[in-house]
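Please treat every number below as a calculation from the coordinates, not as lab data. Since the model is a prediction, treat every value here as computed from it, not as a measurement. Cβ coordinates were reconstructed from backbone atoms using ideal geometry, including for glycine residues, and neighbour counts include every protein chain displayed.
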Amino acid sequence: MTITANAGPYVSFGQAQYADYNPEAGPSLFFSGQGIMDPRMPFNYDPGQDFGAATCGWLGTTAITTLNITPPAASGVAISAAAATTGGTPVTLVSASSATTGVAVGISATNSNTGVNVTGLLALDAYTSVSGYVSNGTSGVAGNLLIITTSTTVLPIVVGMTLAGTGIPAGTTVTGYGPAIGTTASGTGFTGVYTVSGAPFAAGTSGAPITITGSQGSTVAGTDAVAACRLPFGSSGTIQMWNPQALSARAVSITPVSAAPSASITFTVSGYDIYGVPMTEVIPLTTGSTGGTAVNGKKAFKYIASVTPSGTQAVTFSVGTTNIFGLPLRSDTFGDVLIYYAASLNPVPIVSATGYVSAVTTPSTTTTGDVRGTYTNTPSIGANRFVVTQSPPLYNIGSVAGLFGVAQT
């Protein structure tokens, strides 16, 4: 059966006020749930679109789980090692992916505003390393089950990740969760069983597991890391839901490492948010900045294209990640979010608004805050579950700006 789509809205009535005509009245049930469609181009439904063209959305209408992550600890050198600056010349970004910082290098993503594919990006909270093997459930026999036997205590494996390792074909991705064969499939991204794409193959064995890396996105030009942050449904993948396990984004830090800046200087960070929308932030440092102390930005980036200093200084500066996390949907008050966090995989509710910053609702500039809002987590992050649920208020539900914030700058 093909997908049915029309303009709506739908009204389901089961019992009229004065006529008892429906003895079977009851709640309406929808297979696979229901949710909010993403109203933005290119993510929404386009009447007459090709079969398989993505129509994106969020699972649920209230208390929507928008983040469900176990992010790596912040690192002051995750994006660029300490170096002196040359005015107008971008700093040298890290050249190798790191399971410690979670940064993946050379990632390709699509600019959602233009549809143009961009290469060579750094993706934050997008890279991990595990130990395991691929089989059909029996060690050494070709199949499509990734069995993780040991996981590092950093970023978990996530559906949509591109895998690499000895014997793993190029382009193999994680497609879902598998049955419990030899270990428990918990769906947390750590030890367990996961399904992978492609023809059946064998890589590693239970007795000799291999190191397997996963990146949320690919280094192959033309691929789209933004699409890898969604879960497709159906044989053609038309319906795609934003994946709360893949949408971690953070503010950037600048640290004057060797000493305080010799003169006031700014760093212009250019990149993209979780949806592939371009964004820019200018982070200022003054001569009053303390050597060795990070200055944090306010906007949450998912992809970094460049970081450019305004001036030339012999003082060395590093660029890193912070514990300031972006909210995937716009939040106007602490009352429309529920935040859970603990130093374990069983988070508890956070009742204090400390660390919460609401969305910027004035026109965005290079110095304003995040257009959807942020939350600063505790410093000791790593193998700790961080879950956010959001309930868009009634006055925001009917517009793009209400759901996703004012336009990025």
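Kirkwood hydrodynamic radius of the chain, from the reciprocal of the average inverse Cα-Cα distance over all distinct pairs: 22.6 Å.
How far, in nm, would the chain grow between ALA199 and ALA82 when pulled straight, counting 0.36 nm per residue and subtracting the alpha carbon separation?
Using 0.36 nm per residue and subtracting the Cα-Cα distance, I get 37.7 nm.
Return a whole-number percent for the relative contact order of the range 127-215, with Cα pairs under 8 Å and 6 or more residues apart as the contact set. Display every interim value, and only then the final one.
Working: 240 pairs, mean separation 37.0, N = 89.
The value is 42 percent.
Only one residue of PRO349, ALA7, GLY33 has its Cα farthest out toward the positive end of the dipole of the chain, where Lys and Arg carry +1 and Asp and Glu -1 on Cβ, and that residue is PRO349. Which of rounded, prolate or oblate describes the range 127-215 when judged by the alpha-carbon gyration tensor and an a/c cut-off of 1.5? It comes out rounded by the Cα gyration axes.
Given R₀ = 22 Å, what would the calculated FRET efficiency be for MET37 paired with ASN111, taking r from the Cβ atoms and rounding to 0.05?
Between MET37 and ASN111 the formula returns 0.50.
Take VAL387, VAL348 and order them by how many other Cβ atoms sit within 10 Å, fewest up front. Spell out each step's value before the answer.
Numbers: VAL387 19, VAL348 10.
The most exposed by this proxy come first: VAL348, VAL387.
Rounded to the nearest 5, the antiparallel percentage of DSSP beta bridges internal to the chain is 95%. Spin-label model, ALA263 to THR378: label points 7 Å out along the Cα-to-beta-carbon direction sit 4.4 nm apart.
Using the Karplus relation 6.51 cos²θ - 1.76 cosθ + 1.60 with θ = phi - 60°, the per-residue 3J(HN,Hα) values for the range 236-244 come to 9, x, 5, 7, 10, 9, 4, 8, x Hz, with x marking Gly and Pro.
Say a site is exposed when it is one of the chymotrypsin sites (Phe, Trp or Tyr not before Pro), sits in a DSSP loop, and has at most 14 other Cβ atoms within 10 Å; what is then the longest site-free stretch of the chain? Counting only loop sites that pass the neighbour cut-off, the longest clear stretch is 52-409.
Footprinting exposure proxy ranking of ASP50, ASP370, ASP332, fewest other C-beta atoms within 10 angstrom first, gives ASP50, ASP332, ASP370.
Grab the other residues whose beta carbon is less than 10 angstrom from that of LEU403, score K and R as +1, D and E as -1, and report the net. Walk me through the numbers before you get to the answer.
On the way: positive: ARG40, ARG330, ARG372; negative: ASP38.
Residues near LEU403 contribute +2 overall.
Per residue, the convex hull spanned by the Cα atoms of the range 255-397 amounts to 129 cubic angstrom. Label-to-label distance, VAL220 versus ALA170, with points set 7 angstrom from Cα along the beta-carbon direction: 0.8 nm.
To the nearest 0.05, how large is the calculated FRET efficiency for ASN136 and TYR21 if R₀ is 41 Å and r is the Cβ-Cβ distance?
Values: r = 54 Å, r/R0 = 1.32.
Result of the calculation: an efficiency of 0.15.
Could you calculate the FRET efficiency of TYR177 with THR362 from 1/(1 + (r/R0)^6), where r is the beta carbon distance between them and R0 is 56 Å, rounded to 0.05? For TYR177 and THR362, the calculated efficiency is 0.85. One chain, two ends: TYR395 and ALA343. Fully extended at 0.36 nm per residue, the span grows by 15.2 nm beyond their Cα-Cα distance.
With contacts taken as Cα pairs under 8 Å at a separation of at least 6 residues, the range 224-330 carries a relative contact order of 35 percent.
Which length gain, in nm to one decimal place, applies between THR149 and THR290 when the Cα-Cα distance is subtracted from 0.36 nm times their residue separation? All intermediate terms of the calculation are to be shown ahead of the outcome.
Working: separation 141, 0.36 × 141 = 50.76 nm, distance 4.46 nm.
Gain in length upon complete extension: 46.3 nm.
The label point for ASP50 and the one for VAL11, both projected 7 Å from the Cα toward the Cβ, are 3.9 nm apart.
Can you give me the relative contact order of the chain as a percent, contacts being Cα pairs under 8 Å and 6 or more apart? Numbers along the way, then the final one.
Working: 1105 pairs, mean separation 79.0, N = 409.
Worked out over the chain, it gives 19 percent.
How large is the convex hull of the Cα atoms of the range 1-133 per residue, expressed in Å³ as a whole number? Mind showing how you got there, number by number?
Details: hull volume 34.0 nm³, N = 133.
Hull volume normalised by residue count: 256 Å³.
Given the DSSP H assignment, sum -39500 (n - 2.57) over each helix run of at least 4 residues in the chain and divide by its residue total; what's the result at 222 nm in deg cm²/dmol, nearest 500? Write down the numbers at each step before the final one.
Values: 1 runs with 5 residues, N = 409.
Using -39500 (n - 2.57) per qualifying helix, the result is 0 deg cm²/dmol.
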